[in-house]
Amino acid sequence: MPATAAAQERLTPPGHPQRWMILGVICLAQLTVLLDNTVLNVAIPSLTRELDASTADVQWMINAYSLVQSGVLLTAGSSADRYGRKKMLLAGLALFGIGSLVAGLAQSSAQLIAARAGMGIGGALLITTTLAVVVQIFDDAERVKAIGIWSTVNSLGFAVGPLIGGIMLDHFWWGAIFLVNIPGAVIGLVAVARLVPESKNPRGDRPDLLGALLSTIGMAAVVYAIISGPGHGWTSGHVLLTAFTGVAVLTGFVLWELHIPYPMLDMHFFRNQKFIGAVAGAILVAFGMGGSLFLLTQQLQFVLGYEPLEAGLRTAPLALSVVALNLTGLGARLVPRLGTPTIAAGMSLLAAGLAAVALLGGNGYGGMLLGLVVMGAGIALAMPAMANAIMSAIPPEKAGVGAGVNGTLAECGNGLGVAVLGAVLNSRFAALVPAVVGAASLPAAVAAATGDGERQRITDAFASGLETSQLVGAVAVLAGGLLAAVLLRRAERAESAQADSAAVAA
């Protein structure tokens, strides 16, 4: 029994005495990064005008950040485990702050794209280390609540990013949207240095340099293929070659990790049904959320006629409902009591919200508002529980890698949601108005229309395509959520059976 008790203590250390203050610092760092994911979209007209940026330049300004970030997430998590999570958190804040300064003062598109790539590296370090530190400083009893608050900051960053960007652009030049990151980065550096304890893998595994290189190249190639698919065409040689390269390199990464003594990502994690179930659920939540928000923006502007800032304000109830429910601690109370059914309920609510937006949101904002609130409730229940399931399925000394897996899944899920649901929308739209020139784009199709009747027919076809794609997303999220719940339930039963056997043997 003493050995068992000691092992348990190592697995679930007591919470840090300043854990809630540290969580506040971590959330500030996280919010600084998340704002940059959405704030740039509102500045696109200013960037195009003042930097004389082409469409391709603007796409790279937006994509350089997410592309680099998604490519290095696993490497960042592994580095945090090996060299120290506090060190990597400080490095991430410093890189992000310096990148923001360079971006804010950029004089050309190339300078801004390079700065955004550097910010992506800093963002990857922050995303992985913040969640890893949460796992280290909170015990099992409080970890779900802490991860719920961490998830709330993710939603808050999405909600306020466009609003902050709009306010800054109303009063300052476009560079201010990057310079506003610097105070948060400086405050975060000071607070992390003073408050956050250092933690790292006590084994001190040798660095897996080839694994880091392969994972970075493979993930960047796959995400780039997903991002560029809608613009270049999914069957174009450009996209297919990039996707094939990414898959081939990731296959090499898996084979390499299976045959070395100190892998960056232990592939045996994927034999754990709890891990696989949480992975499937995390991808599909990100798939549904990313894809639906991509479609909602178009529905609000093209079908319901709102201006961009008005459309951004009307998507805020999704994030605000997540914030409200997580701050009440609803998910944190339900997960210990109900377990897997909490995830199943959350995924079902997310699917129901998507269906409500599809069926009720075409004629006005009221039905869409209902769907957004229901989606938010589902995300508030499912996301913290699944992040906790992923992190609890991985040994604490590998918390950085677990956070890297979680972040990578979110990036891939978002990209797949936009790609798949966007493809469904375009296919349905083109099928309904095949004779209209430029039918693959609503503005181009409307401009090519010869009369009011044809314009109305085109708009109705686009609305029908949106409804179909939202319903496809709802079905995918519901089916995937049920699959994740089944896998997690089986894992819980297996763990319970093992615990009972161990008790009998003792």
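Assorted remarks:
- The range 429-454, residues that are at pLDDT 75 or above, open to solvent by 10 Å² or more (accessible area, probe 1.4 Å) and under 20 Å from residue 300 (Cβ atoms): none
- From the options 425, 372, residue that is closer than 13 Å to residue 288 by Cβ and either at pLDDT 75 or above or open to solvent by less than 50 Å² (accessible area, probe 1.4 Å) (or both): 372
- The residues of the range 381-437 that are of a type in the set (Val, Ile, Thr), closer than 20 Å to residue 271 by Cα and not in a helix (DSSP H, G or I) amount to a single one, 394.
- Residue tally, condition open to solvent by less than 10 Å² (accessible area, probe 1.4 Å) and outside any helix (DSSP H, G or I), over the range 83-105: 1
- Residue 121, sole failed condition from (1) in contact (Cβ under 8 Å) with a residue 12 or more places away in the chain; (2) part of a helix (DSSP H, G or I); (3) farther than 22 Å from residue 25 by Cα: (3)
Residue-wise test of (1) part of a loop (DSSP other than H, G, I, E, B); (2) touching a residue at least 60 places away in the same chain (Cβ under 8 Å); (3) within 30 Å of residue 343 (Cβ to Cβ).
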residue	(1), (2), (3)
242	no, no, no
246	no, no, yes
249	no, no, no
254	no, no, yes
260	yes, no, no
264	yes, yes, yes
279	no, yes, yes
282	no, yes, yes
285	no, yes, yes
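- Qualifying residue in the range 165-176 (condition: at pLDDT 85 or above, surrounded by fewer than 18 Cβ atoms within 10 Å (Cβ to Cβ) and of a type in the set (Val, Ile, Thr)): no
- Screening the candidates 71, 77, 84 for the property of being on the phi > 0 side of the Ramachandran plot and either hydrophobic (A, V, I, L, M, F, W, C) or at pLDDT below 85 (or both) yields one hit, 84.
- Helices (runs of 4 or more DSSP H) wholly inside the range 1-50 containing at least 1 residues that are at pLDDT 50 or above, within 21 Å of residue 177 (Cα to Cα) and open to solvent by 40 Å² or more (accessible area, probe 1.4 Å): 19-38, 44-50
- Under the condition of being touching a residue at least 12 places away in the same chain (Cβ under 8 Å), in a helix (DSSP H, G or I), under 25 Å from residue 212 (Cα atoms) and open to solvent by 10 Å² or more (accessible area, probe 1.4 Å), the residues counted in the range 266-277 number 3.
- Considering residues of the range 133-155 that are of a type outside the set (Val, Ile, Thr) and under 13 Å from the mean Cα position of the chain (by Cα) only, the residue modelled with the lowest pLDDT: 155
- Any chance residue 113 is open to solvent by 10 Å² or more (accessible area, probe 1.4 Å), part of a helix (DSSP H, G or I) and farther than 22 Å from residue 46 by Cα: no
The values are calculated or read from the model by the stated rules, or taken from the named source; none is laboratory data. Keep in mind that this is a model prediction, so the values were computed, not measured. Reconstructed Cβ throughout: ideal geometry from the backbone, glycine too, with neighbour counts over all protein chains shown. Note: areas computed on protein heavy atoms with side chains; ligands, DNA, RNA excluded. Shrake-Rupley method; radii C 1.70, N 1.55, O 1.52, S 1.80 Å.
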